[in-house]
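Reading through the structure tokens given below for one structure.
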């Protein structure tokens, strides 16, 4: 297991380095002068030259990358141009908000969608199967921003059960914080449930056609034993991989949902930084999102031998 983990970590490190180089190059291709943005319109040529020197902007691109990447390795992502806050604590603060929405939504979606997908495959072509697949396809086809707006109109404006605008941290007020999180979690839960259900059904159907399932039935085992003791273990592997991809993608990419519900998460921070041309925040967010995605997939790979008996961690 230790060797397996070291191999996966070794494969992740070059990916992170490539991402860091890509982020640095893309930011440098954006028109504009970061020093000018930091100092404002009243900056003098002398102050601009001094700031460029302190930031290393007067050096060649390889030297600039070395300076920036060296700071990143020490946990220094720079300082925000617009808010004058340290970038890394700001990212971690916003990420905590996004994570509590995404983790709960994906967990609930998995708990509901995986058994539903397995049962749909077991009852293939029945009315239950057709109903579940139709519902999953419908949920998958609705954009998250549109689904969020529908929930806002129904639960917020029409029924008045949930708050429409704003955000309260659970640490400050647990009851109010939960009320503000219900609709964002419900939006992601409904959308991702459709994705996971379809994958669970497809992988279970593939396993149910294998010879060892026929052999298990020929031995006289009940359908429930065949389904959950024999088919489910081998069918869950592809679904587990998809759950990891969904989780990694959502942790850095729920800007639309956060914008709809005015949630101050990581995705919204990145969007606001792009509009403000806040280069340090953009660089930090993109690098942090890539790191999170790689880390989540690393954890998925390490857990794979636990869920899929066909995979051994050597």
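Please treat every number below as a calculation from the coordinates, not as lab data. Note that the structure is predicted; figures quoted are calculated from it, not measured. Here Cβ is always computed from backbone atoms with ideal geometry, including for glycine, and neighbour counts include all displayed protein chains.
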Ordering of 235-241, 44-50 by packing [mean C-beta count within 10 Å, highest first]:
235-241, 44-50
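What FRET efficiency do you get for residue 172 and residue 67 if R0 is 41 Å and r is their Cβ-Cβ distance, rounded to the nearest 0.05?
0.60
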On a 0 to 90 degree scale, rounded to 10, what angle separates helix 61-73 from the longest Cα axis of the chain?
60
From zero up to wherever the largest Cα-Cα distance of segment 87-307 sits, split into 10 Å bins and tell me the percent of pairs in each.
8, 28, 30, 20, 10, 3, 0
Going 7 Å from the Cα of residue 219 along its beta-carbon direction, which residues of segment 228-270 have the amide nitrogen within less than 17 Å of the resulting point?
228-235
Using Cα atoms only, what is the angle between the long axis of helix 2-29 and the major principal axis of the chain, expressed in degrees (0 to 90) to the nearest 10?
40
What is the chain's relative contact order, in percent, from Cα pairs under 8 angstrom and six or more apart in sequence?
26
So the angle from the long Cα axis of helix 266-276 to the longest Cα principal axis of the chain, reported in degrees to the nearest 10, equals 30
Inverse mean reciprocal Cα-Cα distance (Kirkwood Rh) of segment 76-204, Å:
16.8
Over the Cα atoms of segment 59-110 the radius of gyration and the largest Cα-Cα distance (Dmax), both in Å, equal 16.1, 50
Reference-scaled alpha-carbon Rg (2.2 N^0.38 Å with N residues) for segment 225-294:
1.58
Subtracting the Cα-Cα distance from 0.36 nm times the residue separation, let me have the gained length for residue 52 to residue 29 in nm, one decimal.
6.6 nm
For segment 139-157 and segment 11-32, what is the centre-to-centre distance using only Cα atoms, to the nearest Å?
35
Distribution of pairwise C-alpha distances over segment 211-266, 10 Å bins, in %:
20, 26, 19, 16, 14, 4
Pairwise FRET efficiency - residue 44 versus residue 302, Cβ, R0 = 41 Å, nearest 0.05
0.15
